[in-house]
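What follows is a single structure, written as structure tokens, with notes after it.
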Amino acid sequence: MNERSEVLGTGVSRRKLLLATSATSISAIAGCSAPSSTEEPIPTTVSEHSSPDLEKWVDQVPRPGVIEPTGTKNGQPYYEIGMREVEQKLHNDLPLTTVWGYDGQYPGPTIEAQQGEPIYVRWQNELPDDHLLPEDTTIHSDLIPYDTLGVRVVTHLHGGNVESESDGHAQAWFTRDFQETGPKFEKNDYYYVNDQPPTTLWYHDHSLGITRLNVYAGLAGFYLLRNEHEQELGLPEGEYEIPLVLQDRSFNDDGSLFYPTAVSDDQIRGDDPQPEPSIVPQFYGDTSIVNGKAWPRLPVEPRRYRLRLLNGANSRYYNLTLLEYDETSGETAADGPSFIQIGNDGGLLSEPVEITDRLELGSSQRADVVVDFSDYAGQTLLLHNNAPSLYRGTLERSEETKPLPEVMLIDVDDAGNVQDSSQVPNELTTVPKLPADTVDRHRKLWLSTRTDDYGRRLHLLGTQDQIRGYKLTDPVTENPMLGDTEIWSIANNTGMSHPIHIHLIHFQVLGRQSLADYDATAETIDTDTFQSPRPFELGWKDVVTVDPGEVVHVIAHFGEYKGLFNDQTGEYMWHCHMIEHEDHDMMRPLRVGTDSDD
């Protein structure tokens, strides 16, 4: 069987290109030719499975507890956190659901750390010999010993500016008690230096070929990094600061997790027999889960709250707002309170930003927001999502097969005179601007599609020299030097949006432009011609959404910059954070070196 690629010529107008993206991939470059895929509309679901009909708004949103250190190592806090299989009540009307959890809970316990104070963590694999969900052994079968006894895991601190040995490389996996380890495995105890701005990080599994299964089973948790400056700003704190991880799941009647194991006929090119079970191109569950509870509600007082929002879903986008809600009729009414965004993936913004429309969160993105409920005493609000399953940004909406508009309810108490001493200062911190006119290198990168040996759609990452994309095992092409500043121009030549995550560093979004207006052969770029970053894209980012038919330009510094972050070298990764895509080869190595490196 031969790997296939499809080619589409160039020269379409901007109008035709935008129209075409509602049903096809995109190819339009000024001055060069771009391989692409003349694919049919991508199905948004792979199964007609429906979860049991659950009554909504029964359970309260749980708050993950904060885990304490087990002891010390080299004078620093030391944690031992076991990954275990447990049964957990995800809805009052569901039987117990078998999940995997860090410290035996889903989501895992929150780690709280202070800037400048390193910690050690030993992630203990205490999982059963067999996987909770069916594995497709055709994925990276040349790299993964599927016949090895035991489940493979490795934990990645997402957003961590950490040493490569502790980054959670996809091939640094290990089985129970470290009996078997992957080729990139280097140490049992991970070292997190915490030398970066305070922010909302999260940890999750990153094992090659089964990340989608391990995270879906429950292996994820919050990691909050704080410092004195942030704690002196007067932001809501304590019980008025709530981390919320938004996910989607599907269930069987017995309460067990449902995850599809077969690709539908309209997702296959060619007549080759399909593996069983098979990886699916994307996953969209039909049940909203917040902090491990289905269709929950959150009681609040009529005052300010700080909500740390995380999209922890495998593939789903969220496009969020708060609406007044009539629980009796199930209908929404006027707009609710605005999100005042104070922080992003990499920490505080320089000043707060009011989100006047909706807040977009792709998989793994975080938003630190303050919401003032003081004008809504006695009311019920709905956290509403209007992102379609197959997300294409602002382009034409796709046909919905797995919508998830209702995320959770918020009940505002009708208490009288509530004391609220919190505030949102006009200035939050200093975010130095990375200069775009003095970069060391400009990389031109591509998101493309092919099909694999079984005719299944394969999303890949490429460069200007290989627009059709590279495999994970191809030689490193992104190899910045420590201390360099680079611009990455990421062009989306596919028919859907992708959240692109770069390990190790945080970047700033310079702006966007249409793929039809992009001259990939030009030696310089004019940032004045870009569409400005959207309000929720300001500050430091480690994930950026690249919509179909557009190019997103980001700028990054590799190493310490004006007292922020720290110098690290070695091998890391960058990839799409739709986890099904990441598992199926939309991931590449990233190597940061020095002048003395060979």
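Taken together, the values in this text are just the output of simple stated rules run on the coordinates, not laboratory data. As the structure is a prediction and not an experimental result, all values here were calculated from the model.
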Query - Gain in span if fully extended, E276 to D526, counting 0.36 nm per residue against the direct Cα distance - result: 85.1 nm
**Report entry** Karplus-derived HN-Hα couplings along the stretch 348-362 (A = 6.51, B = -1.76, C = 1.60, θ = phi - 60°), whole Hz, x at Gly and Pro
**Finding:** 5, 6, 5, 8, x, 10, 7, 8, 7, 10, 10, 9, 8, 10, x
Requested in this report: Using amide H atoms built 1.01 Å from N in the peptide plane, name the residues 5+ places from Y190, or on other chains, whose amide H lies under 5 Å from its own.
Outcome: V121, R122, W123
Report summary line: Share of Cα-Cα pairs in the stretch 496-598 beyond 24 Å, whole percent, is 33
**Report entry** Listed values (1) 26.2, 96; (2) 22.9, 71; (3) 29.9, 98, entry calculated as Rg and Dmax of the Cα atoms in Å
**Finding:** (2)
Report task. Could you list which residues have their amide H under 5 Å from that of K73, counting only those 5 or more apart in sequence or on another chain, with H placed in the peptide plane? Result -> Y78
**Report entry** Against the rule of thumb 2.2 N^0.38 Å, how large the Cα Rg of the stretch 71-231 comes out
**Finding:** 1.06
Query raised in the report: What is the extension gain from D414 to T430, computed as 0.36 nm multiplied by their sequence separation minus the C-alpha to C-alpha distance, in nm to one decimal?
Result: 2.0 nm
Requested in this report: Show which lysines lie in cross-link reach of K562 when reach means a straight Cα distance below 22 angstrom and same-chain residues fewer than eight apart are skipped.
Outcome: K433, K541
Requested in this report: Looking at the chain, send over the antiparallel percent of its DSSP beta bridges, to the nearest 5.
Outcome: 75
Report summary line: Going through K293/K402; K89/K402; K73/K293; K73/K184 one by one, the pairs whose alpha carbons sit over 28 Å apart turn out to be K73/K293
Query raised in the report: Among the aspartates and glutamates, which have Cα under 20 Å from the Cα of K56 when same-chain residues fewer than 8 positions away are ignored?
Result: D93, D248, D253, D254, D286, E324, D326, E327, E331, E406, D411, D413
